[in-house]
């Protein structure tokens, strides 16, 4: 499928979405958001894809933020309509497949929010992250005030939101905003390694594990443990579980089919 603002590639059970607007530092506009939602849906339907990677074209930016020129003259009503569901951040966050943000360069505003919507974040040493909306008289509107505190704690999150400071990858890793920092030339390689390590496992177990961990952020412990038990039983009844156990006992590699 031909797209205007991004590329989608699949290989070795991994689907990669590349935001391809390097001349705009891959800024999010309405076309990028729509095409990204469509690409996510396409990869969700593809049974051969077990992991989804999101990255930006070029070396300067993952996503440098929203395309300010697009919303500069909107009325509040028009902006409300533009932010109606489905929202790309929530689509990424609710994916049934593991997602990795491969962060090359700037991840600011909506770019940082999209990265936080992913399950994992790998960044180059030269990457910069932040929520600078306060500098425009705004606040984060794509989940920054909600997902950031869950990752780094409310104090650090509030400092980033209220100051609009932009931090480097090392600081982002120290506070828990990114999971791993790699040399600039190793980002693609390391992303493939992590995606490949995940993609070898049962799609059923991957989906259920994501649901269980996500529930831990919303449920009290007792309810979460009960939910985990039910998901474990669901996995126990799958063909993939039977294949995994058989492969272990037979000392061979499993061939999971997602059933």
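Just a few scattered comments:
- Checking each residue in the range 75-97 for being part of a loop (DSSP other than H, G, I, E, B) and free of Cβ contacts under 8 Å to residues at least 40 places away in the same chain picks out 75, 84, 85, 94.
- Test for residue 101: is it in contact with a helix residue (DSSP H, G or I) (Cβ under 8 Å, 6 or more places away or on another chain) and assigned to a helix (DSSP H, G or I): no
- Unique residue being in contact with a strand residue (DSSP E or B) (Cβ under 7 Å, 6 or more places away or on another chain) and either modelled with pLDDT of 95 or more or at negative phi (or both) when the list is 173, 205: 173
- Among the conditions (1) exposed (fewer than 14 other Cβ atoms within 10 Å of the Cβ); (2) within 28 Å of residue 109 (Cβ to Cβ), residue 236 misses just one, which is (2).
- Meets criteria (in contact with a strand residue (DSSP E or B) (Cβ under 8 Å, 6 or more places away or on another chain), under 24 Å from residue 128 (Cα atoms), modelled with pLDDT under 95 and in the same structural domain as residue 172 (by TED's automatic domain parsing)) for residue 101: no
- With respect to the conditions (1) surrounded by fewer than 17 Cβ atoms within 10 Å (Cβ to Cβ); (2) touching a helix residue (DSSP H, G or I) at 6+ places or on another chain (Cβ under 7 Å), residue 5 lacks only one, and its number is (1).
- Within the range 109-151, the set of residues being assigned to a loop (DSSP other than H, G, I, E, B) and either closer than 15 Å to residue 169 by Cα or out of contact with any helix residue (DSSP H, G or I) (no Cβ under 8 Å at 6 or more places or on another chain) (or both) comprises 125, 126, 127, 131, 137, 138.
- Any chance residue 161 is touching a helix residue (DSSP H, G or I) at 6+ places or on another chain (Cβ under 8 Å), assigned to a helix (DSSP H, G or I), modelled with pLDDT of 95 or more and assigned by TED's automatic domain parsing to the domain that holds residue 14: yes
The values are calculated or read from the model by the stated rules, or taken from the named source; none is laboratory data. What you see is a predicted model; the values in this text were computed from it and never measured. Note: ideal-geometry Cβ built from the backbone for every residue, glycine included; neighbour counts use all protein chains shown.
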